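I have placed the structure first, in the form of structure tokens, so that the comments after it can refer back to it.
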Amino acid sequence: MPDLTANDLKTRGVAAIESLLATQPEAFISVRGQERYVVMDVAQYHYLRECELDAALAQSRADVAAGRAFTETASEHMARLETLLASNFVAPTSKKPRTAKASSSKRSA
């Protein structure tokens with residue numbers, strides 16, 4: 001798949017993109033020899049988003065089928081989360097306290 005250079009894009013503009021997209025679904029834009037961006041027709045973008053959403057739905061359905069999902073009210077959900085947070089809570093490690101001199105110098109900076 002031929003790349004579109006940033007210089008081509010600068011000199012030819014949208015026409016450079018259109019010419020590449022006429023023969024392929026997406027085109028890479030390279031900057032200093034490295035592929036940095038991908039451009040595509042909006043229909044191709046919507047198709048890819050739909051595929052992504054279909055995959056997420058399939059994963060969610062698999063989670064439900066495997067018992068990795070909950071059916072609960074909002075208040076039940078909040079209670080379950082609070083219980084999880086309470087049981088997994090780890091106190092943060094104590095940091096070295098700042099000296100009065102260090103904190104006052106930061107305020108004046």
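What follows draws every value from the coordinates through simple rules; no lab data is involved. Quick caveat: nothing in here was measured; it's all calculated off a predicted structure. In this analysis, Cβ positions are derived from the backbone assuming ideal geometry, glycine residues included, and neighbour counts consider all displayed protein chains.
Sites listed here are GluC sites (Glu not before Pro) in the stretch 1-88 whose DSSP assignment is loop and whose Cβ has at most 14 other Cβ atoms within 10 Å: GLU72.
Net charge of the neighbourhood of ALA16, taken over other residues with C-beta under 13 Å away and scored Lys/Arg +1, Asp/Glu -1, is -1.
Count neighbours as other Cβ atoms within 10 Å of each site's Cβ, and list the trypsin sites (Lys or Arg not before Pro) in the stretch 57-91 that are DSSP loop with at most 15 such neighbours.
Of the trypsin sites (Lys or Arg not before Pro), the ones in loops of the stretch 57-91 whose Cβ has at most 15 other Cβ atoms within 10 Å are ARG68.
Between ASP54 and GLN24, the C-beta separation translates, for a Förster distance of 25 Å, into a calculated FRET efficiency of about 0.60. Pairs of C-alpha atoms in the stretch 44-86 farther apart than 14 Å represent 65 percent of all such pairs. Qualifying chymotrypsin sites (Phe, Trp or Tyr not before Pro) in the stretch 1-85, where qualification requires a DSSP coil assignment and no more than 13 other C-beta atoms within 10 Å, comprise PHE70. Computed from Cα atoms alone, the Kirkwood hydrodynamic radius reported for the stretch 9-65 is 13.5 Å.
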